[in-house]
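What follows is one structure encoded as structure tokens, with my remarks underneath.
The values are calculated or read from the model by the stated rules, or taken from the named source; none is laboratory data. Predicted, not measured: the structure shown is a model, and the values here were computed from it. Methodologically, a virtual Cβ is constructed for each residue, glycine included, from the backbone with ideal geometry; neighbour enumeration extends over all protein chains shown. To get the accessible areas, we keep the full protein, side chains included, count just its heavy atoms, and leave off ligands, DNA and RNA. Shrake-Rupley method; radii C 1.70, N 1.55, O 1.52, S 1.80 Å.
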Amino acid sequence: ESLSVAELAKKLHREPSEIIKKLFMLGVMATINQELDKDAIELICADYGVEVEEEVRIDKTDLDTYFEQEEIAEGDLEVRPPAVTIMGHVDHGKTTLLDSIRHTKVTAGEAGGITQHIGAYQVNIDGKKITFLDTPGHAAFTTMRARGASITDLAIIVVAADDGVMPQTVEAINHAKAAEVPIIVAVNKMDKPTANPDRVMQELTEHGLVPEDWGGDTIFVPISALKGEGIDTLLEMILLVAEVQELKANPNRPAIGTVIEAQLDKGRGSVATLLVQDGTLRVGDPIVVGHAYGRVRAMVNDLGRRVKEAGPATPVEITGINEVPQAGDRFVVFEDEKTARQVGESRSMTAIQASRSEKQRVTLDNLFEQMSQGDVKELNLIVKADVQGTVEAMAASLMKIDVEGVNVKIIHTGAGAITESDVTLASASNAIIIGFNVRPDVNAKRAADEEGVDIRLHRIIYKVIEEIEAAMKGMLDPEF
Ligand code: GDP
């Protein structure tokens, strides 16, 4: 960003005295070691007819920057498998579906392999791969997103045909929507005599998921996870949606990706399952994982086999890092071990400092400030109330709020107490929770405190609207 007179002179192949003279003519008094600002540098360069090329300085210790680099030439990109998460209401068959897919596809194809739970697995359908994250439920999904990692390309929402849409189904849909991930609906338990898929479709229509037969664009696949029926069709549909997404990666670059799970193993030390998102990970690679670092000592795949390398969208369990990272942490491979160590150590230091000053969340009190700084253009709200009728009335009124420069977006609603899951969603989506005639339960309260999520409780509808409007206009009275 800045250069001294001597440095600039060297770059321009001139004598420093000449530069000092020029600066003097331009009305700037400078000595040889003086740091010049950008404007002064540009002035001098313009005088010499040289264009200033700004050096893009990347912060080596910010792992996110490695994910933002779009340096790869088209030619290097290859199609990569999709990473899929299965979500839905409890007991609707998520685990059964994950098992069913794995058993029909993994063990059949790879004789002798013993499936090993490493947090994700890959199946092969006529040469095309799909990666499944095998922690069912949206808790894992949202925790990762809260940590800034979006590794899911596609969400399967499982709905039991004999039970229909349930609160967690709606939550799952809202999580997927908030993450802007395409959804495929698996209507499960079709083998049951009480199965009523039409009802499921009808109910989901109310949540914006309209089947193709009814003029919408959501894919519905009737399945029986227990009997293994409809699984092939489901897999075909996943591949179809993935094809449209044109998911690509460059296997010829150092690997980057995300931690799916990690723990301390008595014999092996820190063990982490990584999903390679771009590049190829190899044994021996110097690596930074979250705040941990080291060299990849050994890699094991989802069949428990040792492997030497793992390409894009492949999950592998690795050892060789000095600490246990967290699910959702990024990893980046470096050219040499020294850099990896420096970056890792520096990240470890900043993490300790950062844990003391958490990143600022949106609250009604700081909303106006964040809006003015351009940090917030959309106010995400979660609305909970005692009865469904009130929820709808509240949501309708909130959406009518019209303040210039910011949009009100309701990302989730529900009847009943504010739960920990609401708080996690709020945290991941930088949302504020509005409770009407309801309170947060104990876990929700603790989570909200920890995450700094703003929960506003009210008993009179117009007060809610008034408060939000005031906050958006920067006219909120301080609360004591
Ligand atoms: P999860 O909580 O969503 O992971 O649900 P599980 O996979 O644990 O399934 C809950 C229960 O539903 C278990 O008893 C399963 O055996 C049963 N189940 C799952 N899929 C089916 C299905 O397709 N048909 C029938 N009849 N039962 C199923």
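Numbers at a glance
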quantity	calculated
Pairs with Cβ under 8 Å, 6+ apart, first in the stretch 153-171 and more than 13 Å from ALA186 (Cβ to Cβ), second within 11 Å of the ligand (Cβ to nearest atom) and charged (D, E, K, R)	ASP162/LYS189; ASP162/LYS192; ASP163/ASP91; ASP163/LYS189
Strands (runs of 3 or more DSSP E) (entirely within the stretch 229-321) containing at least 2 residues that are out of contact with any Phe, Trp or Tyr (no Cβ under 7 Å at 6 or more places or on another chain)	256-265, 269-278, 292-300, 315-321
Strands (runs of 3 or more DSSP E) contained in the stretch 379-480 and holding at least 1 residues more than 21 Å from THR142 (Cβ to Cβ) and aliphatic (A, V, I, L, M)	407-415, 455-458
Total residues in the stretch 421-472, condition open to solvent by less than 40 Å² (accessible area, probe 1.4 Å), among the charged types (D, E, K, R) and more than 21 Å from PHE368 (Cα to Cα)	1
Yes/no for THR419 being in contact with an Asp or Glu (Cβ under 7 Å, 6 or more places away or on another chain), within 28 Å of GLN168 (Cα to Cα) and modelled with pLDDT under 85	no
Residue, farthest from the ligand (Cβ to nearest atom), within the stretch 85-100, restricted to residues that are open to solvent by less than 10 Å² (accessible area, probe 1.4 Å) and in contact with a helix residue (DSSP H, G or I) (Cβ under 6 Å, 6 or more places away or on another chain)	THR85
Search result, residues across the stretch 180-193 that are farther than 17 Å from PHE132 by Cα and either aliphatic (A, V, I, L, M) or assigned to a loop (DSSP other than H, G, I, E, B) (or both)	GLU180, VAL187, LYS189, MET190, ASP191, LYS192, PRO193
Residue list for the stretch 67-88, restricted to those being out of contact with any strand residue (DSSP E or B) (no Cβ under 7 Å at 6 or more places or on another chain) and either modelled with pLDDT of 90 or more or in a helix (DSSP H, G or I) (or both)	GLU68, GLU74, GLY75, ASP76
Residue list for the stretch 216-229, restricted to those being open to solvent by 80 Å² or more (accessible area, probe 1.4 Å) and over 19 Å from LEU98 (Cβ atoms)	ASP217
Residue within the stretch 194-215 that is assigned to a loop (DSSP other than H, G, I, E, B), surrounded by fewer than 16 Cβ atoms within 10 Å (Cβ to Cβ) and within 13 Å of the ligand (Cβ to nearest atom) present	yes
Checklist (1) within 30 Å of ARG456 (Cα to Cα); (2) modelled with pLDDT of 90 or more; (3) out of contact with any helix residue (DSSP H, G or I) (no Cβ under 7 Å at 6 or more places or on another chain) applied to LYS384, failing item	(3)
Single residue of the stretch 48-66 satisfying the filter (open to solvent by less than 100 Å² (accessible area, probe 1.4 Å) and within 17 Å of GLU7 (Cα to Cα)) that is modelled with the highest pLDDT	TYR48
Whichever residue in the stretch 101-128 is within 16 Å of the ligand (Cβ to nearest atom) and at pLDDT below 90 and, among such residues, is nearest to the chain's Cα centre (by Cα)	GLY119
Count of residues meeting criterion [open to solvent by less than 90 Å² (accessible area, probe 1.4 Å), outside any helix (DSSP H, G or I) and free of Cβ contacts under 8 Å to residues at least 12 places away in the same chain] in the stretch 5-28	1
In the stretch 176-193, residue most open to solvent (accessible area, probe 1.4 Å) [restricted to those that are in contact (Cβ under 8 Å) with a residue 60 or more places away in the chain and within 15 Å of the ligand (Cβ to nearest atom)]	LYS189
Per-region count, the stretch 216-228, residues part of a loop (DSSP other than H, G, I, E, B) and on the phi < 0 side of the Ramachandran plot	6
Lone qualifier among ALA225, ALA255 - being of a type outside the set (S, T, N, Q) and within 16 Å of the ligand (Cβ to nearest atom)	ALA225
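To keep it simple, each residue is scored yes or no on (1) modelled with pLDDT under 95; (2) open to solvent by 10 Å² or more (accessible area, probe 1.4 Å).
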residue: ALA249; (1), (2): yes, no
residue: THR258; (1), (2): yes, no
residue: GLY284; (1), (2): no, yes
residue: ARG295; (1), (2): no, yes
residue: VAL324; (1), (2): yes, yes
